[in-house]
Amino acid sequence: MGGTKLLIERASWTLVDQGVVSLGNFLLNVLLARTLSQEEYGEFALFLGAIFILRNIDYSLISYPLSVRLCVASDEERASLLGNTILLAATLAVVLVVVMVLGTTLLKVDNIVLPACLCYLCWQAQETSRRCLLADFLYRAAVAGDGIAFVGQSVLIGLLAWLDAISLPVTLYIMSLTFGVGAIVHASKLRFAWPDVAEARRLARDYLSIGKWSLINYWLVLARFQLFPWVLAAVAGTAATASLQAGLNIANMMNPIIMGIGNAIPQVAAHAYRTGGAIGASRAALGYVLFGLGPMLLISAVAVLMPELLLRMAYGSSSPYLAVAPALQLLAVAGVLDYVAEMISKTLLGVEAGKLASLVNVLAVGAAAVLALVFIGQLGVFGACLALLIANLVRATGAVIAIVWLIADERSRAPSRSAVAVSPAPIDKSLGAPVEQ
């Protein structure tokens, strides 16, 4: 009973926290979609895609390894681990901001170099401190800082839009401000030790060993997802990309669940894996997955049955984005498939089977590339959404096969390990199977 109560408490607060983040993102995108032209909003969507690509490098090499190390660290080790992690994150941020400068220069958008780099650094500070809280299951403690960062920026940008004083550079400066304040709020709830350079170097090697497959995995996820807006922009222009983003804004109502439950899965799986192997990790993760599946199906059903109503509520009765209603229905189904695939992928990462997760994503990216070329040229935005749905189905199917194979492989090897052991392996009575020491 105590385990169930803890699961419900943790899963509830991670959904609340991610709900705050996604609410802020949703409001921001709706405000900009209403204020900017289709071409300008399409450019903003592509710009955000580039930001997320860089941020996923930090997640894979810093935040994900921290999540599987902090949850099993002793109280004495945690402050040192957090301090050295912050040093590594700051060093990586300096490298990535140089990439940001080069990218904006090559794309000939020099007018936003400064606000773009500032926004990236502040966002990284906020996200790194947030991940430190989440890695230690402190989901409730993250809500205040995330509210300031994400909902706060939407309120300020909404005010400027009302005053007709909004532009892309101004938007980025406002985002920088709220991310910076959010980072300070998060950091005030953490206990850091002063970093040790030699220890940080050893930690960097450990993080690289853990995070390399996560990095590959998330680059593949981003490639699969970003493929569609970029191909759509090349084939039909940025106005079509804006229409796709308008549909995604509604479908992304499922993001608080996908990302919220996903924030808990790696450390939950890693903790259970130490005593129960892949079987125990899968069982522990399954409780969280089922907790989020009901709301996912409910949101998807509403979007499938009432797409026009949702679009009208978000963008107004005369918006050109009302035409994406059929595409929104496809995105709603694709979101449920993405949830299933992503939770299994997070479980695989939690048990350090990132290579297997990456193989699944290679298959999904290949399917997405072929489908994008087949459907987008003929069907435009609808074709992009149809291709995404089928690619997500391929990924979900592959993920299920991968986790079933991992469990079957563990079961097949368990008898041989116990037969040759010098001393009997400890028995996990809840599983009825020998456990690796």
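For segment 27-45, a residue qualifies if it is open to solvent by less than 50 Å² (accessible area, probe 1.4 Å), assigned to a helix (DSSP H, G or I), closer than 23 Å to residue 122 by Cβ and modelled with pLDDT under 80, and the qualifying residues are 41, 44, 45. Looking at segment 134-150, is at least one residue of a type in the set (Lys, Arg), touching a residue at least 60 places away in the same chain (Cβ under 8 Å), surrounded by fewer than 18 Cβ atoms within 10 Å (Cβ to Cβ) and part of a helix (DSSP H, G or I)? Taking every residue of segment 134-150 in turn, at least one turns out to be of a type in the set (Lys, Arg), touching a residue at least 60 places away in the same chain (Cβ under 8 Å), surrounded by fewer than 18 Cβ atoms within 10 Å (Cβ to Cβ) and part of a helix (DSSP H, G or I). Only one of the numbered conditions (1) over 18 Å from residue 168 (Cβ atoms); (2) at pLDDT below 80; (3) among the hydrophobic types (A, V, I, L, M, F, W, C) is violated by residue 48, and that is (1).
When segment 273-295 is filtered for residues that are closer than 19 Å to residue 392 by Cβ and surrounded by fewer than 20 Cβ atoms within 10 Å (Cβ to Cβ), the ones remaining, listed by number, are 293, 295.
Residue-level check: of (1) at pLDDT 90 or above; (2) surrounded by fewer than 17 Cβ atoms within 10 Å (Cβ to Cβ); (3) in contact with a Lys or Arg (Cβ under 9 Å, 6 or more places away or on another chain); (4) among the aliphatic types (A, V, I, L, M), residue 193 misses just (1).
For segment 259-272, the criterion of being among the hydrophobic types (A, V, I, L, M, F, W, C), surrounded by fewer than 22 Cβ atoms within 10 Å (Cβ to Cβ) and either out of contact with any Gly (no Cβ under 6 Å at 6 or more places or on another chain) or under 30 Å from residue 313 (Cα atoms) (or both) is met by at least one residue.
No other residue among 90, 79 is part of a helix (DSSP H, G or I), in contact with a helix residue (DSSP H, G or I) (Cβ under 9 Å, 6 or more places away or on another chain) and of a type in the set (Gly, Ala, Ser) apart from 90. For segment 154-170, a residue qualifies if it is hydroxyl-bearing (Ser, Thr, Tyr) and part of a helix (DSSP H, G or I), and exactly one does: 154. Does residue 207 fit the bill of being of a type in the set (Ser, Thr, Tyr), closer than 18 Å to residue 56 by Cα and at pLDDT 85 or above? Considered against the rule, which asks whether it is of a type in the set (Ser, Thr, Tyr), closer than 18 Å to residue 56 by Cα and at pLDDT 85 or above, residue 207 comes out as yes.
With respect to the stated conditions, residue 285 fails to be of a type in the set (Gly, Ala, Ser), modelled with pLDDT under 85 and assigned to a helix (DSSP H, G or I).
Anything in segment 304-322 that is surrounded by 15 or more Cβ atoms within 10 Å (Cβ to Cβ) and small (Gly, Ala, Ser)? List them, or say none. Scanning segment 304-322 gives 314, 319. Scanning segment 311-319 finds no residues that are of a type in the set (A, V, I, L, M), over 25 Å from residue 291 (Cα atoms) and either touching an Asp or Glu at 6+ places or on another chain (Cβ under 9 Å) or not in a helix (DSSP H, G or I) (or both). Residues in segment 173-188 that are more than 23 Å from the chain's Cα centre (by Cα) and in contact (Cβ under 8 Å) with a residue 40 or more places away in the chain: 173 alone. Going through (1) open to solvent by 50 Å² or more (accessible area, probe 1.4 Å); (2) of a type outside the set (D, E, K, R); (3) under 18 Å from residue 388 (Cα atoms) one by one, residue 327 falls short only on (1).
Considering every residue within segment 199-209, establish whether at least one is closer than 30 Å to residue 367 by Cα and in a helix (DSSP H, G or I).
Taking every residue of segment 199-209 in turn, at least one turns out to be closer than 30 Å to residue 367 by Cα and in a helix (DSSP H, G or I).
Taken as a whole, the condition of being part of a helix (DSSP H, G or I), of a type in the set (Gly, Ala, Ser) and over 18 Å from residue 396 (Cβ atoms) applies to residue 239. Yes or no: residue 202 more than 24 Å from the chain's Cα centre (by Cα) and of a type outside the set (Val, Ile, Thr)? Considered against the rule, which asks whether it is more than 24 Å from the chain's Cα centre (by Cα) and of a type outside the set (Val, Ile, Thr), residue 202 comes out as yes. Selection over segment 381-404 of residues that are closer than 18 Å to residue 332 by Cα and out of contact with any Lys or Arg (no Cβ under 7 Å at 6 or more places or on another chain) gives a count of 16. With the structure loaded, tell me whether residue 156 is closer than 23 Å to residue 184 by Cα, without any contact (Cβ under 8 Å) to a residue 24 or more places away in the chain, touching a helix residue (DSSP H, G or I) at 6+ places or on another chain (Cβ under 6 Å) and open to solvent by 40 Å² or more (accessible area, probe 1.4 Å) or whether it fails that test. When the stated conditions are applied, residue 156 passes them. For segment 159-190, what are the residues that are at pLDDT below 90 and open to solvent by less than 20 Å² (accessible area, probe 1.4 Å)? Across segment 159-190, the qualifying residues are 171, 172.
Here residue 117 passes the criteria (1) more than 30 Å from residue 73 (Cβ to Cβ); (2) surrounded by fewer than 18 Cβ atoms within 10 Å (Cβ to Cβ) except the one numbered (2).
Residues being open to solvent by 10 Å² or more (accessible area, probe 1.4 Å) and in contact with a Leu (Cβ under 9 Å, 6 or more places away or on another chain): count how many of those fall in segment 356-366.
Matching residues across segment 356-366 total 4.
The values are calculated or read from the model by the stated rules, or taken from the named source; none is laboratory data. Everything quoted here is computed from the prediction, not taken from an experiment. Glycine also receives a Cβ, built like all others from the backbone with ideal geometry; neighbour counts cover every protein chain displayed. Heads up: the accessible areas ignore ligands, DNA and RNA and are worked out on the full protein's heavy atoms, side chains in. Shrake-Rupley method; radii C 1.70, N 1.55, O 1.52, S 1.80 Å.
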